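Colleague: Pasting in a structure now, in structure tokens, and then I'll have a few things to ask.
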Amino acid sequence: MLGFIRTYYKMQERGLTGNSACFSDGVWAALVCAAAGLSVAIPAHAGYNYLVSRINAIVLDMERSATEIVQIVTEGIKPPPQS
């Protein structure tokens, strides 16, 4: 953003009569910052999604275990005989 601010500030100072070389510094700074941000954001997003999938798998295993435990406990309980 600072690169684009610098470029627009130069446009304001010199008007549209400035050459492209005077504006390219700000654009390059903005592009480098954007590339750096993407190089951090993409692996972070992939890692986040990996962790979410692992947590979902763990929670699913816990739910299966809880259901199995409830079934084991309730199998031992027999209703009283009907007379």
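The values are calculated or read from the model by the stated rules, or taken from the named source; none is laboratory data. Quick caveat: nothing in here was measured; it's all calculated off a predicted structure. Every residue, glycine among them, receives a Cβ derived from its backbone with ideal geometry; neighbour counts consider all protein chains shown. Ligands, DNA and RNA are excluded from the accessible area calculation, which covers all protein heavy atoms including side chains. Shrake-Rupley method; radii C 1.70, N 1.55, O 1.52, S 1.80 Å.
Colleague: Skip the ligands, DNA and RNA, and give the accessible area per residue of the chain with a 1.4 Å probe, whole Å².
Modeller: 87
Colleague: In addition: Using the basic label-point model (7 angstrom from Cα toward the beta carbon), what is the Glu75 to Ser20 distance in nanometres?
Modeller: The answer from the label model is 7.7 nm.
Colleague: So, one more: Nearest 500 deg cm²/dmol is fine: what mean residue ellipticity at 222 nm does the chain get from its DSSP H runs of n ≥ 4 alone, each adding -39,500 (n - 2.57), divided by its residue count?
Modeller: -30500 deg cm²/dmol
Colleague: Can I ask one more? What nm distance separates the two modelled labels at Ile42 and Leu60, each placed 7 Å from Cα along Cα→Cβ?
Modeller: It is 2.8 nm.
Colleague: Could you look at the stretch 11-83 and say what percent of its accessible area is carbon and sulfur, using a 1.4 Å probe and all protein chains?
Modeller: Of the solvent-accessible surface of the stretch 11-83, carbon and sulfur hold 67 percent.
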